[in-house]
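What follows is a short report on a single structure.
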Amino acid sequence: MLITNAKLVTWGSPNQILEGYALLVEKDRIREIGPSRELTARYPQEEILDAHNQYVMPGNICAHTHFYSAFARGMSIPGNAPKDFPEILQRLWWPLDRSLRAEDVHYSALTCLVDAVKYGTTTLIDHHASPNAIDGSLDQIADAVEASGLRAVLCYEVTDRDGEAKMKAGIQENVRFINKKKSPLLAGTFGLHASLTLSDSSLDLCRQSAPDGTGFHVHAAEHDSDEYDSLNKSGLRVVDRLQKHGILGPKTITAHGVYFDAREIEILAQTETWLSHQPRSNMNNGVGVAPVESMLRMGARVCLGNDGFSNAMWEEWKTAYLLHKVHHRDPRRVGGYDVSQMAVYNNAALANVFFPEAPIGQIAPGAFADLILVDYHPASPMTAENLPWHIVFGFQGGMVTTTIAGGKVLMKDRQLLTLDEAEIAAKARELAAQVWKRYEAQF
Ligand SMILES: [Zn+2]
């Protein structure tokens, strides 16, 4: 397939915008890029996808999400509103995830994947929980991901909160899925809920059970209760405790890190552990603001996720750009380059940990053909240098017209080709109503 008449945003180092270009896709890779006229002449037989002068960019990447959370949209929490994050877990997320059955897991994932295709997020790193439907739950999600054609990394969050048998079932689900032969667009990692719901012995069992070469995906210091729980249990802060149990390293993702102290950030940097920042979620939960500029300065690998918020990742860019300014009451904080460092370059490097066969998140010969076409008409000069500010102030998810992952077209001219949005939404609404009943019955 030859994508012609494109303005290519390469997201290389340095970034380039190449106008009047074409891009040859062969199987799941970008094989060649060059001036549109040249490539059209050289490959006259090739199937053409005319970009009509739209921007062609690498698909967005989400470093931390929860497909299982989709049915919470519009759901009310009985009684007074939760006053803090521990109450949000106890009264919203835990009764909700306990209400999920296998089919709910599948349709909740499909709901999020429809968003991802529409808004051009082509790689998603998910963190799943469904304590009353653990066995095979990652297959339910994997089937949805395969149906969508997107690229995803899946895991099951191991926790002690539902007893020892379910803790062990969670371990089994991770191990089974990691070892399973999967499509090239799927990868597995080992999920852990958070330090606050895992005993020392459970952490050790996870470490021992994880197949060689796999890392972990764990919430860390999202709220200070996680730090105080860790200090009470072990005398150690969360990151020190995870390090002691062999959880950290270049394949491990910690999510949030709002309450990390300087030493914890230093350990993250030294162990090359990833940290995913979710500003929309942090604001919604009122947990505080992660010191991402200090983390980046200390060499920690900070990425951008959405924690189950919409898969329109440019919304997360905008929130990251705005939040730190109001928090510090200083408009110089977290600029466009900081956001693109997290959302583009670090997210791409993280995705490559799980899909190492070819570069992800850039347009270059040999890279994976995960691409989006964006119908944006800048009303001011747009260059490779000022692009992050155009994304923050000008781009909208709805400007994505075509989405391609692994060389396959998943949406063309805003028509979804792999998923039936209306059918998925209708079935999801039916299932969600039942989930809400099971949720309410727990109060
Ligand atoms: Zn999360």
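The values are calculated or read from the model by the stated rules, or taken from the named source; none is laboratory data. For clarity, every value in this text was computed on a predicted model and none was experimentally measured. With ideal geometry, Cβ positions are generated from the backbone for all residues, glycine too; neighbour counts draw on all protein chains shown.
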Problem set entry | Pair list, Cβ under 8 Å, 6 or more apart: segment 197-222 residue among the acidic types (Asp, Glu), other residue in a helix (DSSP H, G or I) and more than 16 Å from the ligand (Cβ to nearest atom) | Asp200/Lys233; Asp200/Ser234
For this session: Filter segment 83-106 down to the residues that are under 21 Å from Thr197 (Cα atoms) and more than 16 Å from the ligand (Cβ to nearest atom), then identify the one that is surrounded by the most Cβ atoms within 10 Å (Cβ to Cβ).
Result: Ser99
Exercise. On the given criteria, is Lys427 at pLDDT 95 or above, in a helix (DSSP H, G or I) and surrounded by fewer than 16 Cβ atoms within 10 Å (Cβ to Cβ)?
Worked result: no
Exercise. Looking only at segment 196-246, which residues are within 15 Å of the ligand (Cβ to nearest atom) and in contact with a His (Cβ under 8 Å, 6 or more places away or on another chain)?
Worked result: His217, Val218, His219, Ala220, Ala221, Glu222, Asp226
Seminar exercise, completed: Over segment 144-177, the set of residues buried (at least 21 other Cβ atoms within 10 Å of the Cβ) and in a helix (DSSP H, G or I) is Ala144, Val145, Ser148, Met167, Gly170, Ile171, Glu173, Asn174, Phe177
Problem set entry | Boolean, Ala142 is closer than 25 Å to Thr254 by Cβ, touching a Ser or Thr at 6+ places or on another chain (Cβ under 9 Å) and more than 16 Å from the ligand (Cβ to nearest atom) | yes
Seminar exercise, completed: Residues of segment 184-203 being under 19 Å from the mean Cα position of the chain (by Cα) and either surrounded by fewer than 22 Cβ atoms within 10 Å (Cβ to Cβ) or part of a strand (DSSP E or B) (or both), in sequence order, are Pro184, Leu186, Ala187, Gly188, Phe190, Gly191, Leu192, His193, Ala194
Problem set entry | Residues being surrounded by fewer than 15 Cβ atoms within 10 Å (Cβ to Cβ) and under 15 Å from Val56 (Cβ atoms) - total across segment 385-400 | 0
Problem set entry | Inter-residue pairs, beta-carbon under 7 Å, first more than 27 Å from Gln415 (Cα to Cα) and modelled with pLDDT of 95 or more and in segment 349-376, second surrounded by fewer than 17 Cβ atoms within 10 Å (Cβ to Cβ) and aliphatic (A, V, I, L, M), 6+ apart | Gly366/Ala358
Exercise. Can you name every residue in segment 148-169 that is in contact with a Phe, Trp or Tyr (Cβ under 9 Å, 6 or more places away or on another chain), touching a residue at least 60 places away in the same chain (Cβ under 8 Å) and under 30 Å from Pro359 (Cα atoms)?
Worked result: Arg151, Val153, Cys155
Exercise. Taking segment 396-443 on its own, how many of its residues are touching a Pro at 6+ places or on another chain (Cβ under 8 Å) and farther than 16 Å from Asp370 by Cα?
Worked result: 4
Problem set entry | Among (1) within 16 Å of the ligand (Cβ to nearest atom); (2) touching a Pro at 6+ places or on another chain (Cβ under 7 Å); (3) aromatic (Phe, Trp, Tyr), the one test that Tyr337 misses | (1)
Seminar exercise, completed: For segment 278-317 the number of residues that are small (Gly, Ala, Ser), over 24 Å from Trp389 (Cβ atoms), surrounded by fewer than 20 Cβ atoms within 10 Å (Cβ to Cβ) and more than 16 Å from the ligand (Cβ to nearest atom) is 1
Seminar exercise, completed: Considering residues that are within 16 Å of the ligand (Cβ to nearest atom), of a type in the set (Gly, Ala, Ser) and touching a Gly at 6+ places or on another chain (Cβ under 9 Å), the number found within segment 117-134 is 1
Problem set entry | Looking only at segment 23-82, and only at residues there that are of a type in the set (S, T, N, Q) and away from the ligand (no atom under 16 Å from the Cβ), the one that is farthest from Phe368 (Cα to Cα) | Asn80
Seminar exercise, completed: Lys182 meets each of (1) farther than 28 Å from Val435 by Cα; (2) in contact (Cβ under 8 Å) with a residue 60 or more places away in the chain; (3) out of contact with any strand residue (DSSP E or B) (no Cβ under 6 Å at 6 or more places or on another chain) with one exception, condition (2)
For this session: Those residues that are closer than 16 Å to Gly215 by Cα and either part of a strand (DSSP E or B) or within 15 Å of the ligand (Cβ to nearest atom) (or both), I need them from segment 253-270; list them, please.
Result: Ile253, Thr254, Ala255
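With respect to Tyr321, is the statement that it is in contact with a Ser or Thr (Cβ under 8 Å, 6 or more places away or on another chain), over 26 Å from Ser225 (Cα atoms) and in a helix (DSSP H, G or I) true?
When the stated conditions are applied, Tyr321 does not pass them.
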